[in-house]
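K.L.:
Shown below is the structure under consideration.
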Amino acid sequence: MPAALIWLIAALGLAGAETLTGDMVLLMLAGGALAAAGSSALLPWPIWADGVVFLVVSVLLLVLVRPAVRHRMRTDTAPPTGIQALEGKHAQVRERVTDRGGTVLLGGEVWTARALNDGDVYEPGSRVTVVEIDGATAVVWESGSE
C-alpha cells in the first residue's frame, strides 16, 4: 500500500474522530496527515520526511489556526437576551420617577421604574438609562440630555 494512501486514511480517521471530541485538536492533526499524504504523493521523499511534514504542519495548525477557529466557534459570545438585554438601554420617563416608583417607556413598552439613588427625581420627558431590572421594575439613572 502506498504511503500517500496510508496518510490519507489517517487524515480521514482523525477528521472523523474529531466529530466525537469537538476540541479541534484531531482536526488539526488531520490537516497535518493530509499535508503528509500530499508530500508523499508528489515528492519522492523517504517516509520519515513525510513524518516531518506531518509534524511541522500539525504544530503550525495547532498554534496558528486552532485558536482562531475556536474563538469563532465560541458560544458564550451570544448577545444578551431577555431582561439582560434591557440593561444599559435608554428609556423615556412617562410618569415622574423617584426612588419609590414611576413609569418609563422602554423598548416600546411601559415599565414601572424607580431611581437608582435615594432622592433622585426624574420628570416626564427625561431620558434615563436602565441600570438593572429588579423583578418587573427598571432601576434607572439619569443619562443626560441628548
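K.L.:
Extending each Cα 7 Å along its Cβ direction at Ala49 and Trp141, get the distance between those two points in nm, one decimal.
P.N.:
Between Ala49 and Trp141, the label points sit 6.6 nm apart.
K.L.:
Got a number for the accessible area of Asp118? Probe 1.4 Å, square angstrom, nearest 10.
P.N.:
130
K.L.:
Let me ask something else. Multiply the residue separation of Val59 and Met73 by 0.36 nm, subtract the distance between their alpha-carbon atoms, and state the gained length in nm to one decimal.
P.N.:
On the way: separation 14, 0.36 × 14 = 5.04 nm, distance 2.04 nm.
Contour length minus Cα-Cα distance gives 3.0 nm.
K.L.:
If you place +1 on the Cβ of every Lys and Arg, -1 on the Cβ of every Asp and Glu, and leave all else neutral, what size is the dipole of the stretch 93-146 about its Cα centre, to the nearest 20 Debye? Mind showing how you got there, number by number?
P.N.:
Numbers: 5 positive and 10 negative charges, 32 e Å.
That gives a dipole near 160 debye.
K.L.:
Solvent-accessible area of Arg70, probe 1.4 Å, all protein chains present, reported in Å² to the nearest ten, please.
P.N.:
Surface open to solvent at Arg70 totals about 100 Å².
K.L.:
For the stretch 48-123, what size does the Cα cloud have along each of its three principal axes, sorted from largest down, in whole Å?
P.N.:
Rounded to whole Å, the extents work out to 79, 25, 13 Å.
K.L.:
Rolling a 1.4 angstrom probe over the protein chains, ignoring ligands and nucleic acids, what is the accessible area of Met73 in square angstrom, nearest 10?
P.N.:
Approximately 110 Å² of Met73 is accessible to the 1.4 Å probe.
K.L.:
Among Phe54, Gly38, Met73, which residue has its Cα positioned farthest towards the positive end of the charge dipole of the chain, with +1 placed on the Cβ of Lys and Arg, -1 on the Cβ of Asp and Glu, and the dipole taken about the Cα centre?
P.N.:
Result: Gly38.
K.L.:
Quick one: if you stick a label point 7 Å off each Cα along the C-beta vector at Thr19 and Arg100, how many nm between them?
P.N.:
Using points 7 Å along Cα→Cβ, the separation is 6.6 nm.
K.L.:
Could you give the DSSP H helices of the chain that reach 18 angstrom or more along their long axis (alpha carbon positions) and whose average Kyte-Doolittle hydropathy is no lower than -0.5?
P.N.:
Details: long enough: 3-21 (27 Å, 1.69); 25-42 (26 Å, 1.84); 47-60 (20 Å, 2.29).
Counting only whole DSSP H runs, the qualifying helices are 3-21, 25-42, 47-60.
K.L.:
Per residue, how large is the accessible surface of the chain? Use a 1.4 angstrom probe and give square angstrom.
P.N.:
Values: 9320 Å² over 146 residues.
For the chain, the solvent-accessible area averages 64 Å² per residue.
K.L.:
Could you look at the chain and say what percent of its accessible area is carbon and sulfur, using a 1.4 Å probe and all protein chains?
P.N.:
Working: 5790 of 9320 Å².
Reported share for carbon and sulfur atoms: 62 percent.
K.L.:
Still on this model: Give me the three principal axis extents of the stretch 1-143 from the C-alpha atoms, as integers in angstrom, largest value leading.
P.N.:
Answer, in whole Å and largest first: 83, 23, 21 Å.
K.L.:
To continue, here is another question. Can you put Trp45, Trp111 in order of accessible area, largest first, using a 1.4 Å probe?
P.N.:
Values: Trp45 125, Trp111 40 Å².
These residues rank, largest area first, as Trp45, Trp111.
K.L.:
Given the C-alpha atoms of the stretch 83-142, compute the convex hull and give its volume per residue in Å³.
P.N.:
Details: hull volume 3.7 nm³, N = 60.
Expressed per residue, the convex hull around the Cα atoms of the stretch 83-142 is 62 Å³.
The values are calculated or read from the model by the stated rules, or taken from the named source; none is laboratory data. What you are looking at is a predicted structure, and each value in this text was computed from that prediction instead of being measured. Glycine also receives a Cβ, built like all others from the backbone with ideal geometry; neighbour counts cover every protein chain displayed. The protein model used for the area step is the full one, side chains on, heavy atoms only, and it has no ligands, DNA or RNA in it. Shrake-Rupley method; radii C 1.70, N 1.55, O 1.52, S 1.80 Å.
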